[in-house]
Amino acid sequence: MIKLAPSILSADFTRLGEHVLQAVDAGADRIHIDVMDGHFVPNISIGPLVVRAVRNITTAMLETHLMISDPEKYIDVFADAGSDLITIHQESTPHLHRAIQMVKDKGKQAGVTINPATSLCVLDEILEHVDLVLLMTVNPGFGNQIFIPGMLRKIEHLAKMKQQRGLHFDIEVDGGINSKTIARVVEAGANVLVAGAAIFSAPEGVERAMKKLRESV
Ligand code: DX5
Ligand code: ZN
């Protein structure tokens, strides 16, 4: 079963609540919230206040994709704001195991994220401790970028590692997922699909865009 995770980075922020509820009503399995600090990635986006505001209007699962330096400093604040799952970039901390443990100590699900140029090898020691692995299929920082085709092999490789080790984490992909790319990433082994522009910038509206994505798988 695939899970769709609409990314509110492409939502209309003047009517964020409306957009979130449209996605939830259309069957979003979780809402993906992109946190950028202008340091780890070259863009600044959402802080804990927005997570709290979204939490206040829905019981849907909220996943927070931290794209920030020193993530350990902010885990508690994003957990307390209402995140259900927090993902940490492997590249953002020398103490990944500690960061993952901090997320779990808050009673939240923990995920690890890697950039397109980061090898799966760096995940070897952490895989058994996470609920989800997020593979970036674009370089993080902006919505509406083009999917990097070379990431398909990486998804396949991770799916194989998961099977060989008998682990149960979700494999999520983020960046450039649309009706043309979604079937290929699912075939490669991804089961959680983030989509921003393909959902919130779609001329046909959120509900029909989500239906189209599901039908394209
Ligand atoms: C990019 C973000 C993504 C972004 C995806 O750094 O992590 O979640 O919103 O946007 P699309 O689906 O438009 O490529
Ligand atoms: Zn993201």
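The values are calculated or read from the model by the stated rules, or taken from the named source; none is laboratory data. Everything quoted here is computed from the prediction, not taken from an experiment. Reconstructed Cβ throughout: ideal geometry from the backbone, glycine too, with neighbour counts over all protein chains shown.
The figures follow:
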quantity: Residue within segment 37-48 that is in contact with a His (Cβ under 8 Å, 6 or more places away or on another chain), assigned to a strand (DSSP E or B) and on the phi < 0 side of the Ramachandran plot present; calculated: no
quantity: Residue in segment 11-28 that is surrounded by the most Cβ atoms within 10 Å (Cβ to Cβ), counting only those that are under 22 Å from Asp170 (Cβ atoms) and within 15 Å of ligand 1 (Cβ to nearest atom); calculated: Ala23
quantity: Failed condition for Ala99, given (1) closer than 23 Å to Met136 by Cβ; (2) more than 13 Å from ligand 1 (Cβ to nearest atom); (3) small (Gly, Ala, Ser); (4) not in a helix (DSSP H, G or I); calculated: (4)
quantity: Residue check for Gln90: in contact with a helix residue (DSSP H, G or I) (Cβ under 6 Å, 6 or more places away or on another chain), at pLDDT 95 or above and within 16 Å of ligand 1 (Cβ to nearest atom); calculated: yes
quantity: Residues satisfying the stated conditions in segment 184-214, i.e. under 12 Å from Val173 (Cα atoms) and not in a loop (DSSP other than H, G, I, E, B); calculated: Arg184, Val185, Val186, Ala188, Val192, Leu193, Val194, Ala195
quantity: Filter pass, Ile86 being closer than 24 Å to Asn43 by Cα and part of a loop (DSSP other than H, G, I, E, B); calculated: no
quantity: Options Ile33, Ile46, Ile2: the member that is within 16 Å of ligand 2 (Cβ to nearest atom) and surrounded by fewer than 21 Cβ atoms within 10 Å (Cβ to Cβ); calculated: Ile46
quantity: Condition met for Pro71 (within 27 Å of Gly150 (Cβ to Cβ) and not acidic (Asp, Glu)); calculated: yes
